[in-house]
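Scroll down for the structure; my scribbles are underneath it.
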Amino acid sequence: MTLLVLWRHGQTEWNAAHRIQGQTDTPLSAVGIAQAMESAPRLLALKPTVLVASDLTRAATTARALVDISGLPVTFDPRLRERGFGEWEGHTHAEATERWPESFARWRRGEEVHDAGVEEIDAVAERMSAALRETVAAAEPDAVIVAATHGAAARFAAVRLLGWPMALAPALGALHNCHATHLRHDPLRGWMLEAHNVA
């Protein structure tokens, strides 16, 4: 069976400030770089054979921590980017609550948002799952694939791959910085959740 590891990037200054990033290209903080360097050996112990990553700097830098100790090449795919948050990007949660109270409350409940240019959940799930399915299809049998990506994008991808209703996405809980979701793919049984928020 193929193992797919959805690895969230390390912390950024915007994460620490509760500032909405979306597809704004923010770098890792010193804490985030240390998190990536600390988590990379644990991923190396899984004997990864394929490494893919979002092309946003925070995910690309996280992936490079694994490249440095594994020698694996990394393929960057913009489909693995975080959900786009439109006009919310750059604002703190407190600011977004004040400026978009109703839609931000819907987002907090895990519901769809239809304003401020926020990317639809289904669109995120579709681009993410398409990229990951292609990666799995191109890999050798029993591959161990690490995808350095983003929290919301990883959660929606996992739900879509598992065939769950998107309404269940909040039940997975937020993926912490440099933590991972592990999915197994069996050619006969399909996708299975193995673990979530693995440090």
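From the list Ala167, Ala174, the lone residue that is free of Cβ contacts under 8 Å to residues at least 60 places away in the same chain, outside any strand (DSSP E or B) and over 16 Å from the mean Cα position of the chain (by Cα) is Ala167. It is to be established whether one or more residues within region 191-198 are in contact with a His (Cβ under 7 Å, 6 or more places away or on another chain), surrounded by fewer than 22 Cβ atoms within 10 Å (Cβ to Cβ) and at positive phi. Taking every residue of region 191-198 in turn, at least one turns out to be in contact with a His (Cβ under 7 Å, 6 or more places away or on another chain), surrounded by fewer than 22 Cβ atoms within 10 Å (Cβ to Cβ) and at positive phi.
Taken over region 1-60, the criterion of being in contact (Cβ under 8 Å) with a residue 12 or more places away in the chain, of a type in the set (Gly, Ala, Ser) and within 25 Å of Gly90 (Cα to Cα) is satisfied by Gly10, Ala16, Ala17, Gly22, Ser29, Gly32, Ala34, Ala36, Ala53, Ser54, Ala59, Ala60.
In this structure, does Thr2 turn out to be β-branched (Val, Ile, Thr), closer than 18 Å to Leu183 by Cβ and touching a strand residue (DSSP E or B) at 6+ places or on another chain (Cβ under 6 Å)? Judged against the criteria, Thr2 is a match.
Restricted to region 84-113, and to residues there that are open to solvent by less than 30 Å² (accessible area, probe 1.4 Å) and assigned to a helix (DSSP H, G or I), the residue that is farthest from Ala59 (Cα to Cα) is Ser103. Cβ separations smaller than 7 Å between residues 6+ apart or across chains give the following pairs from region 126-153 residues that are part of a helix (DSSP H, G or I) to residues that are of a type in the set (Ser, Thr, Tyr): Val136/Thr2.
Considering only region 132-142, state which residues are touching a helix residue (DSSP H, G or I) at 6+ places or on another chain (Cβ under 8 Å) and either crowded, with 20+ Cβ neighbours inside 10 Å or more than 15 Å from Ala158 (Cβ to Cβ) (or both). Don't jump to the end; show me each part of the working.
So the first thing to find is which residues in region 132-142 are touching a helix residue (DSSP H, G or I) at 6+ places or on another chain (Cβ under 8 Å), and the list is 132-133.
Once the filter is applied, which keeps residues that are touching a helix residue (DSSP H, G or I) at 6+ places or on another chain (Cβ under 8 Å) and either crowded, with 20+ Cβ neighbours inside 10 Å or more than 15 Å from Ala158 (Cβ to Cβ) (or both), region 132-142 yields only Leu132.
None of Ala147, Ala116 is surrounded by 19 or more Cβ atoms within 10 Å (Cβ to Cβ) and farther than 21 Å from Glu13 by Cα except Ala147. Quick check: anything in region 33-41 open to solvent by 10 Å² or more (accessible area, probe 1.4 Å), over 21 Å from His185 (Cα atoms), at pLDDT below 95 and not basic (Lys, Arg)? No, the conditions are met nowhere in region 33-41.
Residues that are under 15 Å from the mean Cα position of the chain (by Cα) and acidic (Asp, Glu) within region 22-39 comprise just one, Asp25. Checking Ala65, Ala30, Ala59 one by one, the residue that is more than 22 Å from Thr181 (Cα to Cα) and of a type in the set (A, V, I, L, M) is Ala30 and no other. Apart from one condition, Val52 fits all of (1) aliphatic (A, V, I, L, M); (2) assigned to a helix (DSSP H, G or I); (3) within 19 Å of the chain's Cα centre (by Cα); (4) over 20 Å from Ala199 (Cβ atoms); the exception is (2).
Looking at region 63-83, is at least one residue open to solvent by less than 70 Å² (accessible area, probe 1.4 Å), assigned to a helix (DSSP H, G or I), out of contact with any helix residue (DSSP H, G or I) (no Cβ under 6 Å at 6 or more places or on another chain) and among the hydroxyl-bearing types (Ser, Thr, Tyr)? No.
Kindly check whether there is at least one residue in region 156-177 that is surrounded by 14 or more Cβ atoms within 10 Å (Cβ to Cβ), in contact with a strand residue (DSSP E or B) (Cβ under 8 Å, 6 or more places away or on another chain) and at pLDDT below 95.
Within region 156-177, the subset surrounded by 14 or more Cβ atoms within 10 Å (Cβ to Cβ) is 156-162, 164, 166, 169-170, 172, 175-177.
Okay, now just the ones that are also in contact with a strand residue (DSSP E or B) (Cβ under 8 Å, 6 or more places away or on another chain), so 157-158, 161-162, 172, 175-177.
Add one more test, that the residue is at pLDDT below 95, and what stays is 172.
Yes, region 156-177 contains at least one residue that is surrounded by 14 or more Cβ atoms within 10 Å (Cβ to Cβ), in contact with a strand residue (DSSP E or B) (Cβ under 8 Å, 6 or more places away or on another chain) and at pLDDT below 95.
The values are calculated or read from the model by the stated rules, or taken from the named source; none is laboratory data. Since we're looking at a predicted model, the values are computed, not measured. Using ideal geometry, Cβ is built from the backbone for each residue, glycine included, and neighbour counts are taken over all protein chains shown. Accessible surface areas use protein heavy atoms only, side chains included; no ligands, DNA or RNA. Shrake-Rupley method; radii C 1.70, N 1.55, O 1.52, S 1.80 Å.
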